[in-house]
Amino acid sequence: MAEQKTEAGGWGALNSSLHFLRRESFLKGNATLFRMNQPRGFDCPGCAWPDPKNPSPTEFCENGVKALTYETTTKRATPELFAKHTVTEMRGWDDFTLENTGRLTHPMTYNPDTDRYEAVSWDEAFERIARHLRSLGSPDDAAFYTSGRTSNEAAFLYQLLGRLFGTNNFPDCSNMCHESSGVGMGESIATGKGTVTLEDFEKADAIFVFGQNPGTNHPRMLSELEKASKRGARIVSFNPLKEAGLLNFTHPQNAVDMLLGRSTPISSHYYQVQIGGDMAAVRAMAKFILEKAESDRSVLDHDFLERHTHGFEEYRRLVAETPWEVLLEQSGLERQQIQEAAEVYFGAGSVICCWAMGLTQHRHGVANIQEVVNLLLLRGNIGRPGAGACPVRGHSNVQGDRTMGITEEPKEEFLASLEKEFGFTAPRHHGFSTVHTIKAMAEGRVGFFLGMGGNFASATPDSDLTWQALRRCGMTVHVSTHLNRSHVVHGAAALILPCLGRSEADIQAGSRQSVTVEDSMSMVHASTGINRPASEHLKSEPAIIAGIGAKLFPNGPVDWNYLVSDYDHIRECIESVIPGFADYNKRIQQPGGFHLPNPPANREWRTSTGRANFISNALPRLSVQPGHLRLMTLRSHNQYNTTIYDSGDRYRGITGERRVLFLNADDMRELGLTEKSSVTIRSHAADGRERRAPEFRPIAYSIPKGCAAAYYPETNVLVGIDEHAVKSHTPMSKFIEVSLELER
Ligand SMILES: Nc1nc2c(c(=O)[nH]1)N[C@H]1C(S)=C(S)[C@@H](COP(=O)(O)OP(=O)(O)OC[C@H]3O[C@@H](n4cnc5c(=O)[nH]c(N)nc54)[C@H](O)[C@@H]3O)O[C@H]1N2
Ligand SMILES: Nc1nc2c(c(=O)[nH]1)N[C@H]1C(S)=C(S)[C@@H](COP(=O)(O)OP(=O)(O)OC[C@H]3O[C@@H](n4cnc5c(=O)[nH]c(N)nc54)[C@H](O)[C@@H]3O)O[C@H]1N2
Ligand SMILES: [Mo]
C-alpha cells in the first residue's frame, strides 16, 4: 500500500524546490525567483491563483519553482540535436525525454526527405505559413489552437488574425478544462467567471472544495485555506481521494511552523464521494435544507430568493421528487454525512464554493456546476462579502484568453466591436472546439493546424485517433518553448516556432515590453520578463503572430508592425474593443493591476430572465457494467499538464513511476490483483471501439469501491472522442468506464 501523506508543504516541499533549483542549474545569486508574482516582476507561468495585494518577498510555491526552472533550464534543443535524430526516432522518446532536451532555439521545418527538422529563417517560416493558408479551399479548413499561458496581447492579436482570415475555429485548452463552468454558470448567472476575490476568502465562514487538489495544482491557495482554518472557518472537501493538501498544511516559508513541525489542519469535514457523485451529494444537501426549511424559515434567504432568483419553485419540486436512496447511492455517502455537510452550509453566514476538474470533466459537468450554483442561491451566497462561486482556473492566463475573444462561439457584440475597430467583416458562424477540431481533422475537413503553445497531441482525448488526425493535416505549426509530442506527430509540412517564456525580457523596437494576464479572480496585471532569452533567435508570441499577419495580409487593414513595436498599441485596441479595459495602459501601472467588472458580484443578473436562475437538471445515469470501474485521470505532483518534471508523486506516496493505477483494496482482492501485478486497462466507450493502455501497476489506495485513478496524459488513449460533457463538449477525463486485464 502506498504511504499516503496527510500533510502538504513542509520540509518535503522545501527539499523538492531545492532539488529542482539545483537540477536545472539555477544560477547562484539568480534573483529571478524573487521577481515572480511581485508588482514589477513577472507572473508565475504555473497556475492562475491570484497574487495577494501585498505579496511576501517570496510569493512562490514548490510547483511554481518547478515551472520556473523548467523555463530557465540551461539545456537547449538546438539544430544540432535535430540533425542527430530522425523524427521517427524522437517519436519513440517519452514525454519527459522530449521536453528534457531543453529550450528550443531556432525556427525549424520538417524535411520529409531526411525525416528531420532543419533550421529555417523566420521570414521563410512566415512565408510558408501564409502560402499554405492562402492555398486552402476555405478559411474553415484552418484551426487556431490556444493553450492558456498565452498573454492577453498575444491572444488578442491571434483571434484577430484568425477572424481576418475568416474563421472562428479557435479550439483551446479551456474546452478540455473549465468549459463546463463557463457554460453552466453562463446559463445560471450570465458569467463564466468566478464571483469572488481574495478578500472574500478572508471573510467566508465556510469554504466548500469540490473535485480539486490544491496541494499540487494551486499550492498558493493553501495559504488562504490555512488562514481561513486558523480563524475558525469550516472547510468542507468532497473528493474520492484523501488529498494531502486538503488534510494539513505547513507553509514552507513559515520558519517557526517548520522548525516546530507544526501544521494546520485544512478540512474540517472530508467526504470521499464516488467519482461523478457530486451532483447527487449537492442535491442531497439541498434536499435536507429544503426539508428543514418547512419548520425553520431561517435556513433559506427568502428575500434573496424572491427578489433575485428565477426557477426556485421548479427546483424545489424536483428536489422533493428525487428519492433519498437515489441521492445516497449515487453520491456514495451516508445520510448522516449529507446532514452534517448541509448543517455546515446553513450554519454559515457566508459560503464560498470552489471547484476544478473533478466537477467539469464529466458527462454531467455542466449540470454539476449548476447544482453547486443552485446550492449557493438557496442562501443568497452570491454577490455579498465572503460568499460566491469560485471555479479555480488552471493555466495562468486561460481566463484572460477567453476575455480576449479566444472562443469558437464569439458573441455578436464582440464581433461588431472588433469590426468597427479594424474595418473588416468578421465571420459569424461558430467554429470548432477541441473535440470538433479533432473530428474535422480526422475527416479531412481541417487541413491546417496552428498551436499557440500547449501540446495538442498529448493533452487531447483519444490519442490514436488524434494522432491520425494530426498526420492527415497538410501543415501543422507549433509556437512552443520546448520540444513535445505535438512536434513529432505532425502534418505533411510542419514547423516549430520557438518563443520567449514569461520570465524572459521581451524587447521590441529597443524597449522592454510588458504583457498582461488575468487571474482566476478577474484581476488584470502586468508581467515583465527580466531574464536573458534562452536563444537570440527567439521571438515573442505577439511578434510571431504579427510576422504571420504581415505576410498573410500585406495590404492591411491591420498595421501589424506598428502594433507589436510597442504593446501599449495592442492594449489601446483591446481597450476600444472589450468592455472593462478603460485606461488599460495606465491601470496596469498600479501595483496588483485592476479588477474587471463582475456583474453577479454586485447582484446584477444579465440573464434572459434578469435574475439568477435555478436550473433544474435531471440527475445523470452513472452506472457502469458489473465488473467495470470508473477511472479518473489526474495530475501527479511532478507534472504540469503534459509536461513531466519527474516521475513520482510525493503526496500520494509514489516514487519513480507513473504507470500506476490506484484501486480500492477490496476491488483488488476481488479482481485477484496484487501490487506486483501488471494490468492492461481497457475502456468501454459507447462507440464500441477497442482502446487499451498496457502495463499499469495496481496500488491499493484509499478510494471508494468501484473507483480508480491514474495519471494523464498516459491514459488519454482511453478517452473516446465522443465521451464528452453535454453542452460544453469537455472530454470526460474523470469518468472513463474501464475493465482490467491481468498481464502477469
Ligand atoms: N503543478 C501543477 N499545477 C497545475 C497543473 C498541473 O498539471 N501541475 N495544471 C493546471 C491546470 S490546466 C488545471 S485545469 C488545474 C487542475 O487542477 P485540479 O482540478 O486540482 O487537477 P486534477 O489533477 O485533474 O485533480 C482533480 C481532483 O479532483 C478529484 N476528482 C476526480 N473526479 C472527481 C469527482 O467525480 N468528484 C470529486 N469531488 N472529485 C473528483 C481528484 O481526486 C483530484 O483531487 O491545475 C493547474 N495547476
Ligand atoms: N486525460 C486528461 N486529459 C486532460 C486533462 C485531464 O485532467 N485528464 N486536463 C485537461 C486540461 S485541464 C488542460 S488545461 C489541457 C492542457 O493542454 P495544453 O495547454 O495544450 O498542454 P500543456 O501540457 O499545458 O502544454 C505544454 C507545452 O506548452 C509549451 N509552452 C510552455 N510554456 C510556453 C509559453 O510560454 N509559450 C508557448 N507558446 N508555449 C509554451 C511547451 O512547449 C510545452 O510542451 O489538458 C487537458 N487534458
Ligand atoms: Mo486546465
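The values are calculated or read from the model by the stated rules, or taken from the named source; none is laboratory data. These numbers were taken from a predicted model, which means no experiment stands behind them. All Cβ positions, glycine included, derive from the backbone under ideal geometry; neighbour counts span all protein chains shown.
Scan region 225-247 and tell me whether some residue there is at pLDDT below 95, more than 16 Å from ligand 2 (Cβ to nearest atom), in contact with a helix residue (DSSP H, G or I) (Cβ under 6 Å, 6 or more places away or on another chain) and over 30 Å from Ala142 (Cα atoms). There is at least one residue in region 225-247 that is at pLDDT below 95, more than 16 Å from ligand 2 (Cβ to nearest atom), in contact with a helix residue (DSSP H, G or I) (Cβ under 6 Å, 6 or more places away or on another chain) and over 30 Å from Ala142 (Cα atoms).
Let me spell it out: the conditions are (1) buried (at least 16 other Cβ atoms within 10 Å of the Cβ); (2) within 16 Å of ligand 2 (Cβ to nearest atom); (3) more than 21 Å from Gly358 (Cα to Cα), and Arg692 meets all of them except one. Which number is the exception? So the condition that Arg692 fails would be (1). On the given criteria, is Arg335 away from ligand 3 (no atom under 16 Å from the Cβ), farther than 22 Å from Glu604 by Cβ and surrounded by fewer than 19 Cβ atoms within 10 Å (Cβ to Cβ)? Against the criterion (away from ligand 3 (no atom under 16 Å from the Cβ), farther than 22 Å from Glu604 by Cβ and surrounded by fewer than 19 Cβ atoms within 10 Å (Cβ to Cβ)), Arg335 qualifies.
With a requirement of 1 or more residues that are over 23 Å from Asn641 (Cα atoms), touching a strand residue (DSSP E or B) at 6+ places or on another chain (Cβ under 8 Å) and more than 12 Å from ligand 2 (Cβ to nearest atom), the helices (runs of 4 or more DSSP H) lying completely within region 388-456 that satisfy it span 434-442. Scanning region 600-633 for residues that are touching a Gly at 6+ places or on another chain (Cβ under 9 Å) and not in a loop (DSSP other than H, G, I, E, B), we see that the one that is farthest from ligand 1 (Cβ to nearest atom) is Asn602.
For region 201-253, the set of residues classified as hydrophobic (A, V, I, L, M, F, W, C) and assigned to a loop (DSSP other than H, G, I, E, B) consists of Ala204, Ala233, Leu241, listed by residue number. Within region 159-170, not a single residue is within 16 Å of ligand 1 (Cβ to nearest atom) and either touching a residue at least 12 places away in the same chain (Cβ under 8 Å) or not in a helix (DSSP H, G or I) (or both).
Residue by residue, here is whether (1) within 23 Å of the chain's Cα centre (by Cα); (2) within 21 Å of Glu371 (Cα to Cα) holds:
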{"position": "Gln590", "(1), (2)": "no, no"}
{"position": "Asn613", "(1), (2)": "no, yes"}
{"position": "Pro626", "(1), (2)": "no, no"}
{"position": "Arg635", "(1), (2)": "yes, no"}
{"position": "Gln639", "(1), (2)": "yes, no"}
{"position": "Gly648", "(1), (2)": "yes, no"}
{"position": "Gly653", "(1), (2)": "no, no"}
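Return the residues of region 609-644 that are in contact with a strand residue (DSSP E or B) (Cβ under 6 Å, 6 or more places away or on another chain), within 23 Å of Trp11 (Cβ to Cβ) and within 14 Å of ligand 2 (Cβ to nearest atom); say none if nothing qualifies. Result: Ser636, single match. Checking each residue in region 632-664 for being more than 16 Å from ligand 3 (Cβ to nearest atom) and among the hydroxyl-bearing types (Ser, Thr, Tyr) picks out Tyr645, Ser647, Tyr651, Thr655. In region 725-744, the residue that is surrounded by the most Cβ atoms within 10 Å (Cβ to Cβ) out of those that are part of a strand (DSSP E or B), over 16 Å from the mean Cα position of the chain (by Cα) and not β-branched (Val, Ile, Thr) is Leu740.
Among the residues making up region 74-127, those that are polar (S, T, N, Q), touching a strand residue (DSSP E or B) at 6+ places or on another chain (Cβ under 9 Å) and under 14 Å from Ala494 (Cβ atoms) are Thr86, Thr109, Asn111. When you scan region 233-286, how many residues do you find that are under 26 Å from the mean Cα position of the chain (by Cα) and among the polar types (S, T, N, Q)? Of the residues in region 233-286, 7 are under 26 Å from the mean Cα position of the chain (by Cα) and among the polar types (S, T, N, Q). Residues that are crowded, with 24+ Cβ neighbours inside 10 Å and either within 16 Å of ligand 3 (Cβ to nearest atom) or of a type outside the set (Asp, Glu) (or both) within region 460-469 comprise Thr460, Pro461, Thr466, Ala469, listed in sequence order. Restricting region 687-701 to residues that are over 26 Å from the mean Cα position of the chain (by Cα) and small (Gly, Ala, Ser) leaves a set whose member that is farthest from Val717 (Cα to Cα) is Ala700. Counted as qualifying within region 262-366 are the helices (runs of 4 or more DSSP H) with 2 or more residues that are away from ligand 2 (no atom under 16 Å from the Cβ) and at pLDDT 95 or above, namely 278-293, 302-308, 312-321, 324-331, 335-347.
Mind checking which helices (runs of 4 or more DSSP H) fall wholly inside region 56-157 and carry at least 1 residues that are among the basic types (Lys, Arg) and surrounded by fewer than 17 Cβ atoms within 10 Å (Cβ to Cβ)? Break it down into steps so the answer makes sense when it comes.
Details: elements: 62-71, 79-84, 87-91, 95-99, 122-135.
By residue number, 79-84, 87-91, 122-135.
Whenever a residue of region 387-406 is under 13 Å from Gly192 (Cβ atoms) and among the polar types (S, T, N, Q), its partners that are more than 12 Å from ligand 2 (Cβ to nearest atom) and not in a loop (DSSP other than H, G, I, E, B), lying with C-beta atoms within less than 7 angstrom and at least six residues away or across chains, give the pairs Gln399/Glu518; Thr403/Glu518.
Residue by residue, here is whether (1) within 16 Å of ligand 1 (Cβ to nearest atom); (2) more than 30 Å from Leu198 (Cα to Cα); (3) touching a residue at least 24 places away in the same chain (Cβ under 8 Å); (4) of a type in the set (Gly, Ala, Ser) holds:
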position: Asn484; (1), (2), (3), (4): yes, yes, yes, no
position: Gln508; (1), (2), (3), (4): no, yes, yes, no
position: Ser511; (1), (2), (3), (4): no, yes, yes, yes
position: Asp519; (1), (2), (3), (4): yes, no, yes, no
position: Ser535; (1), (2), (3), (4): no, yes, yes, yes
position: Asn561; (1), (2), (3), (4): no, yes, no, no
position: Ile578; (1), (2), (3), (4): no, no, yes, no
position: Lys586; (1), (2), (3), (4): no, no, no, no
position: Gln589; (1), (2), (3), (4): no, no, yes, no
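Scanning region 485-509 for residues that are among the small types (Gly, Ala, Ser) and under 18 Å from Glu127 (Cβ atoms) turns up Gly491, Ala492, Ala493, Ala494. The set of residues in region 645-667 being β-branched (Val, Ile, Thr) and within 16 Å of ligand 2 (Cβ to nearest atom) consists of Val660 alone. So, Pro107, is that one more than 24 Å from Arg650 (Cβ to Cβ), in contact with a helix residue (DSSP H, G or I) (Cβ under 6 Å, 6 or more places away or on another chain) and within 16 Å of ligand 1 (Cβ to nearest atom) or not? So Pro107 does not fit the description; no.
Flag not set for Tyr117, criterion: under 20 Å from Val517 (Cα atoms), in the same structural domain as Phe422 (by TED's automatic domain parsing) and within 16 Å of ligand 2 (Cβ to nearest atom).
Among the residues of region 424-458, write down those that are within 16 Å of ligand 3 (Cβ to nearest atom) and over 20 Å from Leu160 (Cα atoms). I'd like the intermediate steps shown before the answer.
Looking only at region 424-458, we keep the residues that are within 16 Å of ligand 3 (Cβ to nearest atom), and these are 433-435, 451-456, 458.
Result: Val435, Asn455, Phe456, Ser458.
Scanning region 512-550 for residues that are acidic (Asp, Glu) and crowded, with 21+ Cβ neighbours inside 10 Å yields Glu518, Asp519, Glu541.
Residues that are surrounded by fewer than 21 Cβ atoms within 10 Å (Cβ to Cβ), outside the structural domain of His724 (by TED's automatic domain parsing), within 23 Å of the chain's Cα centre (by Cα) and not hydroxyl-bearing (Ser, Thr, Tyr) do not occur anywhere in region 482-496. Can Tyr645 be described as farther than 29 Å from Phe312 by Cα, in contact with a helix residue (DSSP H, G or I) (Cβ under 9 Å, 6 or more places away or on another chain) and surrounded by 22 or more Cβ atoms within 10 Å (Cβ to Cβ)? Yes.
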